[in-house]
Structure formats: C-alpha cells, structure tokens
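Bear in mind that the values in this text are calculations on the coordinates, not laboratory data. Nothing here was measured: the structure is a model prediction, and the numbers come from that model. Here the Cβ is made from the backbone with ideal geometry for all residues, glycine too, and neighbour counts use every protein chain on show.
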Amino acid sequence: MGGDHIKWDKARIGYYFGIDIAEGSIKDCRTRYNGDADLQQRRKKFSFPARLICADCYDARLDQYLYDDAPFDICSCQFALHYSWSNEARARQALANISALLRPGGTFIGTMPDANVIIKRLREAEGLEFGNSVYWVSFDEDYRDKKFPSSRPFGIKYKFHLEDAVDCPEWIVPFHVFKALAEEYDLELVMTKNFHEFVNEYLGKPEFTELMRRLGALGDGRHDHSTLSKDEWDVAYLYLAYVLRKIEDDNYKERC
C-alpha cells in the first residue's frame with residue numbers, strides 16, 4: 001500500500017484516502033508518505049494531504065464513517081478485489097462500498113487474476129497444479145473434475161504462490177458475473193484486458209513507450225524485454241486490468 005504515492009503526486013491529486021485490512025500495510029504506507037527517518041530517505045513532502053484507516057472494506061460499510069471524505073473521483077484497488085469473492089455477501093459489500101464512495105462519473109481502476117486463463121491452464125494440466133519456476137497455482141480435490149458450474153460463482157478457492165511475494169488462498173472471479181454484479185451497483189464496465197494484451201497495445205503508443213522505458217519495467221520499452229524473464233512474463237498473463245465507471249442513479253444508496 002502506498003507504492004503509487006509518487007504517481008498520485010505527479011497527477012496533482014487533491015486528497016488521498018487509503019484503506020487496508022492489514023495494520024502493517026497502513027504503517028508502511030505512512031512511512032512512504034512521511035519518509036523513512038531511520039534510513040534518512042526523507043524527501044520533499046507530497047503535495048496532497050492523506051488519511052489512512054485500517055478496516056475490512058469487504059465487510060464494513062465505509063460510507064457510514066467516511067461521510068466527510070466522500071465522494072471520490074478515482075478509486076484504485078490493485079491485485080486485491082478477488083479476495084472479496086470468497087462469498088457473495090463480501091463481493092456485494094465490496095462493490096457497494098465502491099459505488100457509495102465514488103461520485104457519479106467517477107472511475108474505479110482495478111487488477112485481478114484472469115479467471116479464464118487460470119481455468120484454461122488448470123484444464124491443460126495433468127493434475128490440479130500448474131506453474132513455472134516463479135509461481136504455482138493449486139486446486140484441491142473438490143475440483144478434480146475441473147468443472148465450475150455457473151450456478152456457484154463464489155467461493156472457488158485455490159492456493160497461489162509467487163516467489164518472495166505471495167503465498168495464500170485466492171478466489172476465482174468469473175468476470176461476466178463480476179460485470180453483472182457491478183452493474184447492480186451502478187458501475188459500468190469501461191475496459192477489460194489481459195495484462196499481455198494491455199501491455200502490447202500501449203507499448204504501441206509513443207507516450208506510453210517512453211513511460212515504460214523510464215520505468216524500466218520492460219527493458220527499453222521497445223525490443224529489449226530483458227528485465228523480465230520468460231517465466232516472469234508468463235506470470236503477468238495470469239492477470240487482467242479493468243476500469244469501471246460510476247453511473248448516476250439515485251437509488252444506489254438504498255442498496256448499500
């Protein structure tokens with residue numbers, strides 16, 4: 001949490017509000033915002049004020065105690081919303097919070113595992129596990145037939161391990177169900193793309209090619225992809241990016 005502070009600062013936002021279920025993440029975010037005094041890595045202060053709270057945004061109604069902060073223009077949730085998909089109630093609360101706190105016309109930016117890719121790779125695997133040198137995905141025996149009925153879109157759990165980063169249970173999010181559920185909370189889908197498709201499309205645009213080059217995310221941003229190994233690039237294929245927009249509906253607060 002807080003890894004995008006410099007990006008938000010360059011975008012000249014007026015106010016930043018951050019929420020995370022883990023107190024450690026809140027502490028890290030505060031350190032990034034204030035500068036790390038122990039390592040003497042102080043920098044000029046960010047141009048925007050910030051407020052941070054520790055809470056489970058898939059369980060609590062955030063609008064009840066964020067009345068003075070909302071509405072927001074942009075909400076960003078990276079690699080996290082799929083954790084709400086353990087059951088329908090949590091998935092609905094997550095979307096209710098997003099809708100309640102975004103202004104009409106506001107934008108939600110998210111990333112999550114690509115369910116189509118994960119299920120396809122599971123079915124191609126000999127057993128219930130697949131991966132490479134930097135990650136693995138494992139399903140338990142409940143899914144030995146490798147079938148996922150559309151009548152049970154929630155609670156489809158698997159174990160995900162990413163070297164030196166992640167080792168925990170995660171949940172499949174059938175994106176067509178996610179899109180339909182989001183629409184119930186006045187959130188319309190603007191864009192969805194697998195990471196590979198997203199990167200290949202935007203690397204073809206000069207302004208984004210230069211950004212990639214400066215970030216060093218994919219080598220020189222043109223032909224040299226040497227900063228990512230083949231196995232690391234393969235991990236990126238497991239994810240998709242998506243954007244939702246809040247549409248105007250006077251009835252949405254009654255559902256939150």
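Cross-link pairs exceeding 25 Å between alpha carbons, from the set Lys27/Lys230; Lys120/Lys159; Lys120/Lys157; Lys7/Lys45: Lys27/Lys230. Between segment 55-98 and segment 126-180, the alpha-carbon centres lie 22 Å apart. In order along segment 54-67, phi translates into HN-Hα couplings of 9, 6, 8, 6, 9, 10, 8, 7, 6, 5, 5, 10, 10, 4 Hz, rounded to whole numbers, per the Karplus curve 6.51 cos²θ - 1.76 cosθ + 1.60 with θ = phi - 60° and x for Gly and Pro.
Subtract the Cα-Cα distance of Glu129 and Asn116 from 0.36 nm times their separation in residues, and report this length gain in nm to one decimal.
Numbers: separation 13, 0.36 × 13 = 4.68 nm, distance 1.57 nm.
Full extension of this stretch gives 3.1 nm more.
The residue among Ala60, Tyr135, Met212 whose Cα reaches farthest toward the positive pole of the charge dipole of the chain, with charges on the beta-carbon of Lys, Arg, Asp and Glu, is Met212.
Rule-of-thumb check for segment 110-175: C-alpha Rg over 2.2 N^0.38 Å? Each step should come with its number before you reach the end.
Values: Rg = 11.6 Å, N = 66, 2.2 N^0.38 = 10.8 Å.
Cα-based Rg divided by the globular estimate yields 1.07.
A protection proxy built from the mean count of other Cβ atoms within 10 Å ranks the segments 231-244, 6-19, most packed first, as 231-244, 6-19.
Taking each residue as 0.36 nm, the span from Ile21 to Glu184 lengthens on full extension beyond its C-alpha to C-alpha distance by 56.2 nm. Here the Karplus relation 6.51 cos²θ - 1.76 cosθ + 1.60, evaluated at θ = phi - 60°, turns the backbone of segment 190-203 into coupling constants of 9, 7, 8, 8, 4, 3, 4, 5, 4, 5, 4, 5, 7, 5 Hz, with x for every Gly and Pro. Taking amide H as placed 1.01 Å from N in the peptide plane, the amide H of Phe72 sits under 5 Å from that of Leu102, Arg103, each at least 5 places away or on another chain.
How many nm is it between the label spots at Asp145 and Tyr202, if each spot is 7 Å from the Cα in line with the beta carbon? Computed distance between label sites Asp145 and Tyr202 equals 4.1 nm. Other residues whose C-beta falls under 14 angstrom from the C-beta of Gly14 contribute a net charge of +1, scoring Lys and Arg +1 and Asp and Glu -1.
Listed by chain and number, the aspartates and glutamates whose C-alpha is less than 17 Å from the C-alpha of Lys10, apart from same-chain residues fewer than 8 away, are Asp73, Glu207, Glu210.
Within the straight-line cut-off of under 17 Å between alpha carbons, the lysines reachable from Lys205 are Lys193, sequence neighbours fewer than 8 places apart in one chain being disregarded. Computed per residue of the chain from DSSP H runs no shorter than four, each worth -39500 (n - 2.57), the mean residue ellipticity at 222 nm is -9000 deg cm²/dmol.
What is the Cα convex hull volume of the chain when expressed per residue in Å³?
Details: hull volume 38.9 nm³, N = 256.
For the chain, the hull spanned by Cα atoms encloses 152 Å³ per residue.
Our estimate of slack between Leu211 and Asp68, defined as 0.36 nm per intervening residue step minus the Cα-Cα distance, is 47.9 nm.
Site pair Glu232 and Phe79 shows an inter-label distance of 1.2 nm when each label is modelled 7 Å from Cα along Cα→Cβ. Run the numbers on the chain and let me know its relative contact order in percent, using alpha-carbon pairs under 8 Å that are six or more apart. Computed value for the chain: 19 percent relative contact order. The simple spin-label model puts a point 7 Å past each Cα toward its Cβ; for Met191 and Asp9 those points are separated by 2.6 nm.
All other residues with a Cβ under 10 Å from the Cβ of Ile156 taken together, and with Lys, Arg as +1 and Asp, Glu as -1, what is their net charge? Residues close to Ile156 contribute a combined charge of 0.
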